[in-house]
Amino acid sequence: MANIAIRGLTKRFGPVTAVDRLDADIREGAVTGLLGPNAAGKTTTLRMLLGLIRPDAGAATIGGVRYHRMERPSLTVGAALDGAQPHPGRTGRAHLRILAAAAGLPRTRADDVLDTVGLTAAAGRRAGTYSLGQRQRLALAAALLGDPPVLILDEPANGLDPAGIRWLRDLLRARAAEGHTVLVSSHQLSELARTADEVIIMAAGTVRGQLPTADMTAHKLEMLYLRMTGDRDA
Ligand SMILES: Nc1ncnc2c1ncn2[C@@H]1O[C@H](COP(=O)(O)OP(=O)(O)OP(=O)(O)O)[C@@H](O)[C@H]1O
């Protein structure tokens, strides 16, 4: 079981309540999209799922276990969050080999995941020279190192070209088809309508709705999103 269960999750930053008693279930065998306006609390929620910040109240579990209690988290969950940048002077391959060693994974995994994300040709170049799309692919490669049953990705399509977006969609759909859990935050409603099985719509730190996307057009999702978030400028 590798579902994600969020119960009463709350995080305050001074006077700002970023996440407010959030409840949600994210199931296996599906791609779930996390949507919401800027400052809705999406990234804060993902950071709490990954034990990067402590909730003020509530809890989140992955496969029934809190992240910080996992013995080898990289075997359960792979994450790509904005801001986790590789050292610019290291090659993509060296970056992944260091992560693999730290996670107790075989060194050969670095080349496996470079191949999966289409970065083999650029693997020997310094990460500081990578394009935005190449950096996204490298972050995804890092998330895939432990071949985990759960992927948590913050805006993974940012910077990808149309072929890259399609490739990412196929990759995420294939992981879900194998029974894995995929949680993806995004602002790209039309892409999520195509990629996700369901979406969680957040605003002001709370869940406004969790909806299946089967047969939902991008237009319908946009209308529902705007209604649920009250975000006319989205
Ligand atoms: N470290 C922090 N210190 C203070 N405030 C923070 C911190 N992290 C987030 N916040 C605040 O918490 C709220 C939620 O931010 P968060 O980054 O979770 O939103 P988001 O939904 O991911 O937004 P976006 O779509 O713009 O990325 C915002 O008001 C933000 O300013």
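We did not get these values from a lab; they are worked out from the coordinates using the rules stated. Quantities reported herein were computed from a predicted structural model and do not represent experimental measurements. As a convention, Cβ positions derive from the backbone with ideal geometry for all residues, glycine included, and neighbour counts pool all protein chains shown.
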(request) Please indicate, with yes or no, whether at least one residue in region 40-60 is within 28 Å of A214 (Cα to Cα) and more than 16 Å from the ligand (Cβ to nearest atom). (result) no
(request) Give region 127-150 a look and list any residue that's hydrophobic (A, V, I, L, M, F, W, C) and buried (at least 17 other Cβ atoms within 10 Å of the Cβ), or say none. (result) A127, L138, A139, L140, A141, A142, A143, L144, L145, V150
(request) From the list D111, D25, pick out the single residue that is charged (D, E, K, R) and over 30 Å from D161 (Cβ atoms). (result) D25
(request) Return yes or no: is T32 buried (at least 16 other Cβ atoms within 10 Å of the Cβ) and closer than 28 Å to M223 by Cβ? (result) yes
(request) Please find, within region 116-126, the residue that is surrounded by the most Cβ atoms within 10 Å (Cβ to Cβ) out of those that are part of a helix (DSSP H, G or I) and out of contact with any Ser or Thr (no Cβ under 9 Å at 6 or more places or on another chain). (result) T116
(message) Any residue that is closer than 28 Å to R93 by Cβ, within 16 Å of the ligand (Cβ to nearest atom) and of a type in the set (D, E, K, R) - is there at least one of those in region 166-178?
(response) no
